[in-house]
Every structure is written in C-alpha cells, then in structure tokens.
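Please treat every number below as a calculation from the coordinates, not as lab data. Please read these numbers as outputs of a predicted model, since none were measured by experiment. Ideal geometry is used to build each Cβ from the backbone, glycine not excepted, and the neighbour counts take in all protein chains shown.
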C-alpha cells in the first residue's frame, strides 16, 4: 500500500492538474494538448470521486476535506472535465478559422490546468491565507485567458476584470488580515491563527467588533469575484470576450469558488453570537444583484453577455438563499448552485458552437436555430427553459424552494425575489423566441459540435428536476445543517 | 513597550498616509511615479522597523522586496512605458483636487474612527498600524477612481497594496506575509507587463481608460 500512499485523492487532485500544466506547457501540437487536457481533467474527476469512498485525511494546517467542500470539489471536477471535452472541439474550430495560433493553444491548455489547480486548492484550503493566494492565482489565469484573443474588446474586458478583480482581492486580503488580528490574542501567534478549523473551534472567544469589520471586507472582496451587484461590472465583459470554454468555467465554477470563500467566513461569523449576523448583508447584496440583473437582461444584444447577466442574477439568488440561512434555504441554495453550474455551462457549450457557426455573437444576427441546426437549437431551448426556471427542470425545483422557504419567514423579500425571477424569465423567453424559432438568419453551415457535454449537463438538470436521489438529498441536507 | 520603538513605527506608518495624500494631487505622470517610489521606500523602512521590533527576520525579505522591486524596478519600468507611449505630459483627474483632498481626509478620518473603535483589545502599535493601513488602502482606492489613465490607476492600486503589506506586517507574527507580498509583486508585475505587452497605447491609441469604453461590445 505504501506505493499508493502519495497517490491519495487529496494530493492527486492537486498534483494531476499541476503536472498536466507543466506537460502541456512544453508539449507542442494542439491535438495532443487537447487530448492530454481531457485526460488530466478526467483523472481529476476520478480523484474527486475517490474522495467519497476513501477515508479523509485529518485536517492539516493547509488542507481540509470536509462534507461541505467535497460537494464543491465534485462539481468543480465534473464541470472541469465536460468543459475540457467541449473545449477540444471548440478550440479546433478556432484554430481552423485562424482566431488562435497553435502557440496560443499550448498556453491556453496549460493555463486551463493551472486554473483547475487553483480552484481545487481554494476549495481544499484550510488556511485562510492559502485560500486567498489560490483565488488570486485563479483570478490571474482567467484574466490572461479572457484576453487571449487580443482584440480591442478582449483586452478591454481583461483590463477591467484585472482592475476590479485586483481591488476585490485586495479588500479580501485586508479582511483576512483582520481575522488574523482578531484570532491572534486568543489562538496565539503563527499559522494556527489562520487555520479555519482552529478558528471555528475558538471563534466564540474572538473579538466580535473586529470580526464585523473583517466580514464586511471579505464579503465585498470575494463578493466582487462572485459578481454581486455593485461590483459586477467585470463579469459581462469577461464572459463575452474570452473563449467560450472559459465563459463556461467562469460562470459554472469560479463564481462558486468565490461564493464558497464567502460561505466559509459566514459559518465562522455565525458561530460567534456577538457578531452582527452575516445573513442580512448577504440577503441584501443577493437581492440587489438578482433584481438588477433581471432588468439588465432586456437590453442585451450580445448572446454571451446576456447569459453573463443571467449568471449575475442566479448568483444573486444563491447568495440570497445562503444569506437567509436555515436548513431549507441552505438546501435550496446548494441545489440551486449545483443546478446553475450545470445549466449555465451547458448553455455556454451550446452558445459557443452557435457563435462559431454564425460567426457572430449578436443576437440580432442569429435566428431560426431549431430549423437549421435542430440539435443545437433544441439544446438552446432546453437550456434557456431550464435557466429561466420552468418545470420540470432542476432550477425550477431549487428556485421554488428558495421562494417558498422565504415566504414563510420574510414574505416581502420573497415577493421581490419572485418578481425578479419573473422579469428574468420573460426577458430570456423573449430572446429565445428570436434565437431558436422564426426565420433562419446567419450562416447555415453544418455544425461540428460536441453534443455530449451539453446534453450530459442538461440531462442531469432534467433528471434532478424530476427525481432527486435519496442519498443526494440526505447529503445536501447534512451539508445545509453545517452551513447554519 | 519601548516608547521610542512605538514612536518610530507610528511615524513611519503615518508617513505612508502622508505620502498617499501627496500621490492624490499629482497631476503629472513622472512626478506621480517619483512619489510612488517614495511611498514604497517609506513602506520598506516601516516593514524593516517592524521586523526589528518584532524580532521577525523574515520580514526583512518583505522590506527588501518593497525596496528593490517597488521602489526601483517598477517605477523605472513604468517610466520607460510612459516615455515610450508619449503620455508624460499630464494626467487629467475626473474630480478636482480640492474635493479629492477633502474626500481623502474624510476617508482617513473614517478609517481612524472605525479601526480604533473595533480594536480596543489590541496593542497600541497594532491598532495604529491597522488604522493607518486602512487609510492607505482607502486612499489608494480613491486614487484609482479619480484617475482615468491606466498607468495612474496602476499606481493607485500599488499604493493600495502597500497599505495591505503595512497591515500584514503590523499584525504580530502573521504567517505567510512574505509569501503574500511576493504574490502581490507577481500580480503587479503582471499588470505592468500587461500594459506593456498588450500595448494598450498602440491598440487604443491612448492609455485613457475612458476611451476604452468605445470598444464595448454593446455600443451602437
């Protein structure tokens, strides 16, 4: 057994992407690169699956595996894998039309694996400093990827993302320092005062005033990365101008990782009764984002930008649900987060292929997809119907749970939330009508698409909407109770 | 605690706030970069002093990074970029100097009130340090929002980051400080290389962020 010791799932989750990144950076040939990328992502997924069966290591000063982050890690590796499959097809087409050169592709594949590494590290970090560093690396890699096409728009998007992301990251670091300053007199100097598990054990004794200020900074800082309303400006640009696989990873995963950081600190704050409750802050930011983004959906002309605003709306709903707290709302938040990740990345897979065929992202230039490209067209219909929250798909279940659980406790907030959901619903269906039905517009070239990732995601969302397996429900319920 | 040690730490941290104020009203890029170099030097002195009074030799590395990288390499690199791009004439400020200074004073007052109020249990040294650090961070944010020029926004961000390093070194025995200051240096290097490599000037014919708006995907 000693031979397998270094290959326990925890270190495998970190070593595989890093090794793959190094390999991809030196290997020439984009086909080989794409294949290795898929294989590495698949191995990461296997390692993540092993986490459920293998025994968990005791939390160390740097890494931690608990019931909460296993959910995030599993989701992260799954979407990471499907996106890598989609990316292989997508990138081949970009190369064909000369938008990317093989040299850039090598870079792109290496960066993809670095991003997977950074996100997994952020999710597994037991140390609030390490978590911050990992999220910074993830930000940097995505900035580079967003600017990959080096067009005016891409550079502007990357720059904006860079500046706003850096400010967010800086504020989060200040919050992290304040948590340390609060912990240091109780836990003592050194690394222990930054370890999440020792913080949570002692948090009741920490100075509440300092923790209050710290949480404001952390929420604003990591909230920027979640894309919450006053700080969301980078998100639509970054989604619209980068390569579509990156849009899928951004929406489906990176926003979750940032939200996970907020949740960790929320649990910390909630464990100290003297601290101002973190919930209302999250509720108001989430609600503002949802309402704001719902209205912004109407005036969008760019298809990727439209779905980026939809991501802001859904992250708002998820933050709202976690802010409300309690077993039911937390359960709804977790479910909604999972469903949104799957649906939104599925939609971006579809949209990526559509934009490639039509050669444009302008909504006005795309039309009649169900006639010209039935698979993509109906895939888009299914995706938009899912994201808009129609039954029987998974997002309906989770949105329904969020709204009903809120109705029992704060009816007024529930009305506002339901209103936002309806406004977004109408906007999405309005656009979908032109995109999928009616007169065909734009190129009708045959599609070279990989349908598997897209329908795998949407199929899972459909299945979850119809029937949630008992063990999954029990697991989510357990995690919800941890979230407080 | 030794009074002199405290006074010097206080002086250096306060000096950093003062230099932040000077940064706030610079209207030429070269002088902005010069003042930023002084900002980084004051930070280096402050960190080195903290390393001495806390008996934390690893902080000397942070001080060295601040001195070598931030006070010399980055300003020199930015000077070259400014000269290459031919934008050394002046920088326009969105808001006038008067209101900006008033806003800056209000922010520093705010950070004093907030930080001193929430840290009664800490040592005086840590309290003052955190209060000044928050002041520097907020002033850095103010610089970023009042400038439209990419280079001066970067200077604003770097001064903000200096505030964070001040806070991190002031927190007694905080681990990972060196790593964090190193990570930040990489971030800044990326930004500077980004301006240079992406040739925002060549691409957009200006480093004025306002002009970038034109290229947004949705403008008709």
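Tabulated values for the structure
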| quantity | calculated |
| --- | --- |
| Helix A:128-146 vs. chain A, principal-axis angle (Cα, 0 to 90°, nearest 10) | 10 degrees |
| Relative contact order, percent, region A:1-100 [alpha-carbon distance under 8 Å, six or more residues apart] | 29 percent |
| Dimensions (Å) - region A:305-381, Cα atoms, principal axes, largest first | 47, 20, 15 |
| Mean Cα-pair separation over length for region B:3-209, i.e. relative contact order, pairs under 8 Å, 6 or more apart, % | 25 percent |
| Spin-label model distance (nm) - residue A:364 vs residue A:96, 7 Å beyond Cα toward Cβ | 2.9 nm |
| Chain A - Debye-derived log10 I(q)/I(0), Cα point model, q = 0.11, 0.13 Å⁻¹ | -0.86, -1.22 |
| Mean Cβ neighbour count within 10 Å, used as a protection proxy, ranking A:10-22, A:173-185 highest first | A:173-185, A:10-22 |
| Separation of the residue A:408 and residue A:375 label points, Cα + 7 Å toward Cβ, nm | 4.5 nm |
| Theoretical FRET efficiency, 1/(1+(r/R0)^6), r = Cβ-Cβ of residue B:193 and residue B:97, R0 25 Å, to 0.05 | 0.20 |
| The protein assembly as shown, helix-only ellipticity at 222 nm - DSSP H runs n ≥ 4, -39,500 (n - 2.57), divided by all residues, nearest 500 | -25500 deg cm²/dmol |
| Distance (nanometres) between label positions extended 7 Å along Cα→Cβ at residue A:26 and residue A:151 | 3.6 nm |
| Burial ordering of A:222, A:90, fewest other beta-carbon atoms within 10 Å first | A:90, A:222 |
| Using alpha-carbon coordinates, inclination of helix A:451-466 to the longest axis of chain A, degrees | 60 degrees |
| FRET efficiency estimate (nearest 0.05) - Cβ-Cβ, residue B:52 to residue A:426, R0 56 angstrom | 0.30 |
| Residues residue A:443 and residue A:463, FRET efficiency given R0 of 51 Å [Cβ-Cβ distance, rounded to 0.05] | 0.90 |
| Highest-first arrangement of B:153-165, B:103-115, A:103-115, where packing means the average Cβ count within 10 Å | B:153-165, A:103-115, B:103-115 |
